[in-house]
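The values are calculated or read from the model by the stated rules, or taken from the named source; none is laboratory data. Computed from a prediction, not measured in an experiment: that's the story for all the values here. Cβ sites come from the backbone with ideal geometry, for glycine too, and all protein chains shown count toward neighbours. SASA here: full protein model, heavy atoms, side chains in, ligands and nucleic acids out. Shrake-Rupley method; radii C 1.70, N 1.55, O 1.52, S 1.80 Å.
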Amino acid sequence: MNGTRKGRDFIARHGETVYNRAKRMQGDHPHTPLTRAGFRQADEMGEALRALLGPRPKLALWSSSAGRALQTLAVIAEHLELDWHQAHRDDRLVEIGMGDWSGRYYHDVAAEGGADILDPEHRLYLRPPPGGEWYDSIAARVSSWLADTDDDPGDRLVIMHGMSSRVLRGVMTHAPVMPQFGSAVAPDLPQGSVAMIEGGVETVVHRGSGRIANEAV
């Protein structure tokens, strides 16, 4: 990313899924469907963005390739009267890879280690998932996406996930690297939130009604 972006980036976290509700660790699972609460959160994001941008805004659509992000985008696009089929999908926007923890219940994984596996202050994992991914790897892939799309004209909407969106927001706002996590990581936001980044400065334009990031990102 060379800092030439002129438009605004609206970074959104998808709505609640069946894995979130069950407290299962979904990570980079390709498709875990939204719950009814998740669809409501997507509706709320769509309504908030329409109030801010109006109908049919000049807005490039980007999404993680995961089904839950694409479902969320479909609802938002309907509110904005934009064509979901014109959205760009990129695997570099997916959630943290959970490795051997993928699909497991959070309480089972925590019980094996005899302690919580989330940092209570930052709500980030205290250690890499076995065979999974760490925050520096997320930073590398989202930075690659930023570099490749830095010349995108105008505004864009990016639908992502709890952990990966925090890393992207941290990179885009030039937040300091957190040594214990090996990456810049932005503050947590609930499911269904939208943060706007313009010129490296972040503003939360819609705070979602979902829960704060948890064990089933």
Virtual spin-label span in nm between D119 and Q86, 7 Å along Cα→Cβ: 4.0
Computed [θ] at 222 nm, helices only, for the chain once each DSSP H run of length n ≥ 4 contributes -39500 (n - 2.57): -10000 deg cm²/dmol
Using alpha-carbon coordinates, inclination of helix 162-172 to the longest axis of the chain, degrees: 60
Surface share of carbon and sulfur [accessible, 1.4 angstrom probe, percent] for the chain: 51
Region 44-173, dipole about Cα centre (Lys/Arg Cβ +1, Asp/Glu Cβ -1), debye to the nearest 20: 160
Acute angle (nearest 10 degrees) that the helix 36-53 long axis makes with the longest principal axis of the chain, alpha-carbon atoms: 40
Of (1) 10.6; (2) 13.1; (3) 17.9, the label for mean projected area of the Cα convex hull in nm² derived from the coordinates: (1)
Taking the chain and dividing mean pair separation by its residue count, relative contact order in percent (alpha carbons under 8 Å, at least six apart): 33
Helix 135-149 axis, angle to the chain major axis (alpha carbon atoms, nearest 10°): 20
Along the chain, longest interval not containing exposed GluC sites (Glu not before Pro), exposed being DSSP loop plus at most 13 other Cβ atoms within 10 Å: 122-217
Length gained when the stretch S137-T173 is fully extended (0.36 nm per residue, less Cα-Cα span): 11.2 nm
Computed E for V201/A51 - FRET, C-beta separation, R0 25 angstrom, nearest 0.05: 0.75
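On average, how much accessible surface per residue is there in the chain, in Å², for a 1.4 Å probe, leaving out ligands, DNA and RNA? Spell out each step's value before the answer.
Values: 9210 Å² over 217 residues.
Averaged over the residues of the chain, the accessible area is 42 Å².
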